[in-house]
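K.L.:
This is the structure I want to talk about, given as structure tokens.
The values are calculated or read from the model by the stated rules, or taken from the named source; none is laboratory data. In this text, all values refer to a predicted model and were calculated from it rather than measured experimentally. All Cβ positions, even for glycine, are placed from backbone atoms using ideal geometry, and neighbour counts span all protein chains on display.
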Amino acid sequence: MITYPVFSYQKAKKPQRMVNHQEKQTPIIEVKGLNVRTREGEILKNINLQIPRNKIVVLLGPSGCGKTTLLKSLNRLTDLHKELQVSGEVLIDGVDILKVSRDLPIMRQKMGLLSQRPFPLPVSIYRNVAYGLKLKGIRSKDLIAHSVESNLKRVGLWDEVKNRLNSPANSLSIGQQQRLCLARGLAVKPAIILADEPTSALDPISTKIIENLFKELKEHYTIILVTHVLRQAVRLADHVVFMYYGDIIEQGHPDDILKRPQTEVLKKYLVDGN
Ligand SMILES: Nc1ncnc2c1ncn2[C@@H]1O[C@H](COP(=O)(O)OP(=O)(O)OP(=O)(O)O)[C@@H](O)[C@H]1O
């Protein structure tokens, strides 16, 4: 479980690139021979994975199999854990994030992170969404106001909060806070959303809202979702990756992975869960 504040905002100077037709065919993320280990042993073992654009890719697997570690490796949150040794390649749009230094903030800005519990900043609803824009150096009050409104609308929160934009963000319900965090991330225009069990703290109605949002958002974003809820995987996944003890055991279309599993471990997982 990731417990860091959602979405890492960093100053970035370069504008977002337009994606041309050829780029749309190439995976947005390619993981090659990724190993993550501690002194005690391996957490991820020679992970090879291609993540297509504008799809929802679901990481499934029993507790402790390395899903969160894989997610953290994609935007180098693993740097925060000095005990982790990471090797291999994680190519984001062809650039190996494990090798960049000066451009790391720019690379990270391509990825928004939505964690299990919402972590709104201890400021108003408005300032939560405006925060990343200000960090990016945007000063125009009109631009910021427009972005706050459009991103709150995008996550279906505008009507619920438009009359209380200056209220503290933590006065919102947990489900609303999670949507606020999503709006805050979207405001800085990521290409990829990394979501680590983003509905596990939510009630069924808020869960449905987030799931429906993901279905809409994939038109513009690539979403990598960790979930323990098989029915959520069935509802959302375009591609399922099943992990077990740091390995990818099976991956593919949900109809194949979830309905016609090939390995005994996946068959058992689908019956027993963890
Ligand atoms: N910083 C760390 N130091 C040592 N061990 C770690 C570290 N981070 C993760 N691990 C270990 O790596 C393994 C995989 O952890 P990870 O959180 O990636 O699993 P997960 O599949 O996301 O689990 P869950 O579904 O329970 O959240 C676990 O055994 C965990 O204890």
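K.L.:
Out of all the residues in the range 46-56, which are assigned to a strand (DSSP E or B) and more than 14 Å from the ligand (Cβ to nearest atom)? Give the steps one after another, and end with the answer.
P.N.:
To start, the set of residues in the range 46-56 that are assigned to a strand (DSSP E or B) comprises 46-51, 56.
Asn46, Asn48, Leu49, Gln50, Ile51, Ile56 - these are the residues of the range 46-56 that are assigned to a strand (DSSP E or B) and more than 14 Å from the ligand (Cβ to nearest atom).
Residue-by-condition table, conditions (1) away from the ligand (no atom under 14 Å from the Cβ); (2) surrounded by fewer than 22 Cβ atoms within 10 Å (Cβ to Cβ):
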| site | (1), (2) |
| --- | --- |
| Leu44 | no, no |
| Val58 | no, no |
| Cys65 | no, no |
| Leu80 | no, yes |
| Leu84 | no, yes |
| Ser87 | yes, yes |
| Met107 | yes, yes |
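K.L.:
Where the second residue is near the ligand (Cβ under 6 Å from one of its atoms) and not in a loop (DSSP other than H, G, I, E, B) and the first is farther than 15 Å from Leu194 by Cα and touching a residue at least 60 places away in the same chain (Cβ under 8 Å) and lies in the range 61-79, which pairs have Cβ atoms under 7 Å and are six or more apart or on separate chains?
P.N.:
Gly61/Lys67
K.L.:
Quick check, is Gln176 outside the structural domain of Gln50 (by TED's automatic domain parsing) and either among the hydroxyl-bearing types (Ser, Thr, Tyr) or buried (at least 21 other Cβ atoms within 10 Å of the Cβ) (or both)?
P.N.:
Yes: the conditions hold for Gln176.
K.L.:
If you don't mind, another one. Cβ contacts < 9 Å: first residue outside any helix (DSSP H, G or I), restricted to the range 123-135; second residue hydroxyl-bearing (Ser, Thr, Tyr), any location; separation 6+ or different chain. Result?
P.N.:
Val123/Tyr131; Ser124/Ser167
K.L.:
Exactly one condition in (1) under 13 Å from the mean Cα position of the chain (by Cα); (2) surrounded by fewer than 23 Cβ atoms within 10 Å (Cβ to Cβ) is not met by Thr199; state its number.
P.N.:
(2)
K.L.:
Just checking, how many residues over the range 68-109 are over 19 Å from Asn35 (Cα atoms), polar (S, T, N, Q) and over 18 Å from the mean Cα position of the chain (by Cα)?
P.N.:
Counting residues in the range 68-109 that are over 19 Å from Asn35 (Cα atoms), polar (S, T, N, Q) and over 18 Å from the mean Cα position of the chain (by Cα) gives 1.
K.L.:
Another one. Restricting attention to the range 226-249, which residues are surrounded by fewer than 18 Cβ atoms within 10 Å (Cβ to Cβ) and more than 28 Å from Leu213 (Cβ to Cβ)?
P.N.:
Tyr245, Asp247
K.L.:
OK, next. Can you run down the residue pairs with Cβ atoms below 8 Å, 6 or more apart or on separate chains, where the first is in the range 96-110 and more than 21 Å from Asn48 (Cα to Cα) and the partner is surrounded by fewer than 15 Cβ atoms within 10 Å (Cβ to Cβ) and of a type in the set (D, E, K, R)?
P.N.:
Correct list of pairs: Pro105/Lys11; Ile106/Lys13; Ile106/Lys14.
K.L.:
I've got another one for you. Which residue pairs have Cβ atoms closer than 7 Å, lie 6 or more positions apart in sequence or on different chains, and pair a first residue in the range 29-57 that is among the polar types (S, T, N, Q) with a second residue that is part of a loop (DSSP other than H, G, I, E, B) and within 15 Å of the ligand (Cβ to nearest atom)?
P.N.:
These pairs meet every condition: Thr38/Glu83; Thr38/Leu84.
K.L.:
Separate question: Pick from the range 109-133 the residues that are crowded, with 23+ Cβ neighbours inside 10 Å and of a type in the set (Val, Ile, Thr): which of them is nearest to Thr227 (Cα to Cα)?
P.N.:
This residue is Val129.
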